[in-house]
Amino acid sequence: MWLILAFLSAALLGCYDTAKKRALNNNSVVMVLFLNTLFSSLIFLPFILLSAFTNVLDGTIFYVAVDGWEQHKYVLIKSCIVLSSWLLGYFAMKHLPLTIVGPINATRPVMVLIGAFFIFGEQLNLMQWIGVTFAIVSFFLLKLSGQKEGIDFKYNIWIWAAVIASMLGAVSGMWDKYILAPSESGGVGCNRMLVQSWFNIYQCAMMGVAALLLNRTSADGKKMPSMKFEWRWSILIVSLTLSIADFAYFYALSLPEAMISVVSMIRRSSVIVSFLFGVWLFHERNIKAKAFDLLLVLIGMVFLYLGSK
């Protein structure tokens, strides 16, 4: 079950990255991110209210636990980690091709795998290790293919933004495993719907303050150039696809047999979906070389599936 949820999350993440690229082209990163967190908060607000004031959701997968600061402090920390990752990732997505950002994000499972091995003591079987190896090689080949497009990975500030965003994303993945794991397994035991619902609300509050501060007009009545905003329906699609993708992700991690290293690796296969959209919608280059790299990704995913049955 957790594998199916992980693959569903990956497919939706590919759509999310595509919509995000469309929403950010020549648009304000701060305003797009604020609206994304706002729409995501509105999606989960009914679940919070129904859980707090009625018995409608009791015993369902949509129930949001009503807990105090002892639980919420962990969610707030997650919000800060994720928002930092998203800010850097959004800026990188705005200024770089989709087929460049994808491979950089795809290095995240390597960081999570190392963390899962040393912190949680997770062990992979032979088939899973073969799948992980294929995936890691393919991800780095995709990154090398992107360098052929003339982007200097060493000195480009947006490349570094994407790299740091991926590192923070890996930290977030490890934090998710810790706060969602039951207390008897050494975790916090947070309700997964509490985490997903409230981390969106905390992020929305932080981005709302940032948007208000940065959206102030100057003395001559002009806004900062970086705050010029245009509404696009792709902004709403970003929130919808991410909310459903994260729901599947948190549900998968809440299952006792789920392995964070495998779930994170599968989620990064979203690069396949975003690659196809990058070719179709954005007409990006160097397709033949990247197609071979994507084949290795698919082979790796098959081995991961076979090893986890």
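Checking every residue in region 209-231 against the condition of being under 19 Å from the mean Cα position of the chain (by Cα), open to solvent by less than 20 Å² (accessible area, probe 1.4 Å) and either farther than 23 Å from I43 by Cα or at pLDDT 85 or above (or both) gives zero matches.
Residues that are in a loop (DSSP other than H, G, I, E, B), open to solvent by less than 60 Å² (accessible area, probe 1.4 Å) and out of contact with any Phe, Trp or Tyr (no Cβ under 8 Å at 6 or more places or on another chain) within region 25-42 comprise just one, N25. Might you let me know whether region 43-56 holds any residue that is of a type in the set (S, T, N, Q), surrounded by fewer than 22 Cβ atoms within 10 Å (Cβ to Cβ) and closer than 28 Å to G189 by Cα? Yes, that holds for at least one residue. Within region 171-192, residues that are touching a residue at least 60 places away in the same chain (Cβ under 8 Å) have Cβ atoms under 9 Å from residues that are of a type in the set (S, T, Y) and part of a loop (DSSP other than H, G, I, E, B) in these pairs: N191/Y63, counting only partners at least 6 apart in sequence or on another chain.
Exactly one residue out of L236, L242 is surrounded by fewer than 23 Cβ atoms within 10 Å (Cβ to Cβ) and at pLDDT 80 or above: that is L236. For region 161-174, the criterion of a residue being part of a helix (DSSP H, G or I), more than 29 Å from P97 (Cα to Cα) and touching a Lys or Arg at 6+ places or on another chain (Cβ under 9 Å) is satisfied by no position. When residues in region 92-109 are screened for being in a helix (DSSP H, G or I) and either at pLDDT 95 or above or buried (at least 23 other Cβ atoms within 10 Å of the Cβ) (or both), 11 of them pass.
Taking region 135-157 as the range and being modelled with pLDDT of 75 or more, more than 17 Å from A289 (Cβ to Cβ) and either among the hydrophobic types (A, V, I, L, M, F, W, C) or open to solvent by 80 Å² or more (accessible area, probe 1.4 Å) (or both) as the test, the residues that pass are I136, Y155, I157. With respect to the conditions (1) in contact with a helix residue (DSSP H, G or I) (Cβ under 7 Å, 6 or more places away or on another chain); (2) of a type in the set (A, V, I, L, M); (3) modelled with pLDDT under 80, I130 lacks only one, and its number is (3). Take the conditions (1) assigned to a loop (DSSP other than H, G, I, E, B); (2) aliphatic (A, V, I, L, M); (3) in contact with a Cys (Cβ under 9 Å, 6 or more places away or on another chain); V64 misses just one of them, which is (3). Within region 279-292, residues that are at positive phi sit with their Cβ atoms under 7 Å from residues that are part of a helix (DSSP H, G or I), at 6+ positions apart or across chains, in these pairs: N286/S145. Please verify whether L13 is touching a residue at least 12 places away in the same chain (Cβ under 8 Å) and open to solvent by less than 30 Å² (accessible area, probe 1.4 Å), treating the condition exactly as stated. The answer is yes for L13. Could you tell me whether V302 is farther than 19 Å from A170 by Cα and modelled with pLDDT of 80 or more? Answer is no for this residue.
Could you say whether any residue in region 1-10 is modelled with pLDDT of 90 or more, touching a Leu at 6+ places or on another chain (Cβ under 7 Å) and of a type in the set (F, W, Y)? No, region 1-10 contains no residue that is modelled with pLDDT of 90 or more, touching a Leu at 6+ places or on another chain (Cβ under 7 Å) and of a type in the set (F, W, Y).
The values are calculated or read from the model by the stated rules, or taken from the named source; none is laboratory data. Computed from a predicted model, the values in this text were never measured in an experiment. Cβ: placed from backbone, ideal geometry, glycine included. Neighbour counts: every protein chain shown. Ligands, DNA and RNA are excluded from the accessible area calculation, which covers all protein heavy atoms including side chains. Shrake-Rupley method; radii C 1.70, N 1.55, O 1.52, S 1.80 Å.
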